[in-house]
Amino acid sequence: MINGRMTSFDDVNVNDRPTTPLEQDCCGNGCDPCIFDVHKKLLEEWKEEKYNKSKRSAKNFLSLVRYKRFIVKNIVEGSENSICIELDCASDNKDDVIFLLPSQYIMMKLFTTTKPYTPISWNRRSMNLLIKLYPSGEASTYVKQLNINDELLIRGPYGNFNYSRNSYKNIIMLSIGSGIAAFYPLAASIVKDELEDTKINMMLGFRFLSHVPLKDELRILTDYWNFECTLYLSQGSTMSRTANITGLNIVNSRINSKIIDRTLDSYSPETTLILICGTTKFNEIMENFVQKKDFCHYHVFR
Ligand SMILES: Cc1cc2nc3c(=O)[nH]c(=O)nc-3n(C[C@H](O)[C@H](O)[C@H](O)COP(=O)(O)OP(=O)(O)OC[C@H]3O[C@@H](n4cnc5c(N)ncnc54)[C@H](O)[C@@H]3O)c2cc1C
């Protein structure tokens with residue numbers, strides 16, 4: 001990950017990666033620079049070089065203007081009302097690789113319709129999509145009928161959100177439903193970046209616990225010092241009003257003004273970025289709350 005860019009090359013050149021110092025390598029006398037500062041700098045340079053090398057030697061398989069062929073490699077249940085689809089590049093040229101930034105989206109052609117989807121993870125040659133299924137949705141109906149080895153047409157990547165490492169002290173991510181797809185890759189790329197000091201507070205709204213996708217992935221992120229996640233369930237669950245399932249906080253309520261007020265009061269508007277992703281109505285309501293509290297650094301994914 002470079003400046004918030006999750007590259008598809010995290011497995012390249014791992015052997016020359018600067019070795020992380022051990023806790024006992026630091027004398028604790030407050031040296032300037034401390035051995036950990038030196039390591040941080042070396043790691044930053046190594047990552048930048050790795051990313052630049054990868055970009056020089058490969059071209060993006062994805063195109064902004066032309067549909068490219070992908071093959072369905074796997075389909076698994078994401079939650080009660082969503083599925084995850086793994087797609088492989090349909091190209092024999094090994095130099096064709098996928099370049100994406102976290103929170104960018106692609107356009108997928110599905111029979112008579114074309115819909116945007118935000119890859120939740122990817123590597124050099126494949127990407128994973130999380131797709132919420134609407135009972136009578138045009139794209140949903142088509143997606144439900146997909147089989148392994150089916151071909152799909154995709155163009156992209158699009159999206160004007162650009163994140164730079166450590167540009168904010170805190171990021172609050174507010175989403176409902178499939179909005180999680182825009183936030184998960186960004187959160188994962190930040191918390192897994194040793195050079196990041198930014199803390200993430202993810203606030204995700206769903207109707208039921210059974211609708212929440214990526215539970216295991218979110219739990220893994222909660223092991224990092226700078227990630228917390230709360231699931232807000234508008235239709236409640238059988239548990240008490242608040243609970244915690246292995247790292248994930250659960251609140252049986254919508255994300256409402258009281259909750260936002262209380263949350264924002266514990267953050268500084270100058271050093272906090274707020275990201276919003278949901279339905280048009282949700283985005284409008286959240287944007288209003290955020291503006292009322294004088295938070296000027298925010299971005300709405302539409
Ligand atoms: C930039 C961008 C990125 C996106 N990324 C993803 C993603 O990663 N995963 C994903 O699942 N979706 C994503 N979406 C939404 C997706 O593109 C489709 O709009 C959605 O899946 C519905 O498509 P559909 O054809 O199945 O339903 P449609 O035929 O468009 O709608 C059928 C019915 O479903 C309901 N419905 C549709 N969309 C919504 C909604 N957003 N909220 C509430 N009810 C709705 C409505 O009742 C509607 O009448 C993204 C949208 C945008 C703009």
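The values are calculated or read from the model by the stated rules, or taken from the named source; none is laboratory data. Not measured: the values here are computed from a predicted model. Backbone-built Cβ (ideal geometry, glycine too); neighbour counts: all protein chains shown. The protein model used for the area step is the full one, side chains on, heavy atoms only, and it has no ligands, DNA or RNA in it. Shrake-Rupley method; radii C 1.70, N 1.55, O 1.52, S 1.80 Å.
Cβ separations smaller than 9 Å between residues 6+ apart or across chains give the following pairs from the range 243-270 residues that are on the phi > 0 side of the Ramachandran plot to residues that are acidic (D, E): G247/D223; G247/E228.
Restricting the search to the range 1-43, which residues are in contact with a Lys or Arg (Cβ under 8 Å, 6 or more places away or on another chain) and modelled with pLDDT under 55? If the condition is that a residue be in contact with a Lys or Arg (Cβ under 8 Å, 6 or more places away or on another chain) and modelled with pLDDT under 55, then M1, I2, N3, G4, T7, S8, F9, V12, N13 are the ones that fit. Taken as a whole, the structure places I220 among residues that are within 23 Å of Q104 (Cβ to Cβ) and out of contact with any strand residue (DSSP E or B) (no Cβ under 9 Å at 6 or more places or on another chain).
Of the residues making up the range 200-218, at least one is of a type in the set (V, I, T) and within 19 Å of G78 (Cα to Cα). Selection of strands (runs of 3 or more DSSP E) fully inside the range 146-206 by the criterion of at least 2 residues being closer than 27 Å to I255 by Cα, modelled with pLDDT of 95 or more and more than 16 Å from the ligand (Cβ to nearest atom) returns 170-176, 199-206. The residues listed here are I154, I98; of these, the one that is open to solvent by less than 20 Å² (accessible area, probe 1.4 Å), touching a Cys at 6+ places or on another chain (Cβ under 7 Å), within 13 Å of L62 (Cβ to Cβ) and touching a residue at least 24 places away in the same chain (Cβ under 8 Å) is I98.
Hey, can you tell me all the residues within the range 118-129 that are touching a Leu at 6+ places or on another chain (Cβ under 9 Å) and either more than 9 Å from the ligand (Cβ to nearest atom) or farther than 18 Å from R302 by Cβ (or both)? I120, W122, S126, M127, N128, L129 - these are the residues of the range 118-129 that are touching a Leu at 6+ places or on another chain (Cβ under 9 Å) and either more than 9 Å from the ligand (Cβ to nearest atom) or farther than 18 Å from R302 by Cβ (or both).
Answer yes or no: is there a residue in the range 122-130 that is outside any loop (DSSP other than H, G, I, E, B), in the same structural domain as I83 (by TED's automatic domain parsing) and at pLDDT below 95. Looking for residues that are outside any loop (DSSP other than H, G, I, E, B), in the same structural domain as I83 (by TED's automatic domain parsing) and at pLDDT below 95, one finds none in the range 122-130, hence no. Of the strands (runs of 3 or more DSSP E) lying entirely inside the range 27-117, those containing at least 1 residues that are away from the ligand (no atom under 16 Å from the Cβ) are 68-79, 82-89.
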